[in-house]
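Comments concern the structure below.
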Amino acid sequence: MVHYPVLVSEIAKREIQKKAIAQSIGVCCKALNNKMTGKTPFTWPEVKTIRREFFPDISADELFITASEQSQRTT
């Protein structure tokens, strides 16, 4: 299940290694995967770090919109 569709899409589009994102926020790849699938939440410091280091051109609100929030906007 894709919990953060914009984040997943941008990681793929920009060919960013998930390992690099995990290292930037101080977690292992499995922990990052758990966060990206919504099993565990991202902390606000993690959100800020990911946005600052990898996606400075996208707002945190847009980057971390959940699939359910996104579908509510389109209905």
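The values are calculated or read from the model by the stated rules, or taken from the named source; none is laboratory data. Just so you know, these numbers come straight off a predicted model, no measurement behind them. Ideal geometry is used to build each Cβ from the backbone, glycine not excepted, and the neighbour counts take in all protein chains shown. Note: areas computed on protein heavy atoms with side chains; ligands, DNA, RNA excluded. Shrake-Rupley method; radii C 1.70, N 1.55, O 1.52, S 1.80 Å.
The figures follow:
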quantity: Segments classed as helices (runs of 4 or more DSSP H), wholly inside the stretch 1-68, with at least 2 members that are modelled with pLDDT of 95 or more and of a type in the set (Phe, Trp, Tyr); calculated: 44-54
quantity: Residue tally, condition more than 16 Å from Leu63 (Cβ to Cβ) and among the charged types (D, E, K, R), over the stretch 9-52; calculated: 4
quantity: Residue tally, condition open to solvent by less than 60 Å² (accessible area, probe 1.4 Å) and at positive phi, over the stretch 8-65; calculated: 1
